[in-house]
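Rule-based calculations on the coordinates, nothing more; no lab input. Since this is a predicted model, take the numbers as computed values, not measurements. Note: ideal-geometry Cβ built from the backbone for every residue, glycine included; neighbour counts use all protein chains shown.
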């Protein structure tokens, strides 16, 4: 969240896509819900948890934000058209 907040402050725009290692392995579900909710509130169209994110955030996003969740990993290619 800190990186997203900093980018929003520095650039003055909403995040289109968040592709990061959330480092939430073992985090309580409430923390995961809060992070996901904040990213959606900031306008993220896609959320891709990669390394060290943990299954809790992956499962929560896949079930609660299906339209925004993307499964990330090595070799992932994302086509962004704008």
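Here's the picture: a label point sits 7 Å out from the Cα of residue 8 along the beta-carbon direction, and within region 34-60 the residues with their amide nitrogen under 15 Å of it are 34-47. For the chain, the convex hull spanned by the alpha carbon atoms encloses 93 Å³ per residue. Look at the alpha carbon pairs under 8 Å that are at least 6 residues apart: their mean separation over the length of the chain gives a relative contact order of 31 percent.
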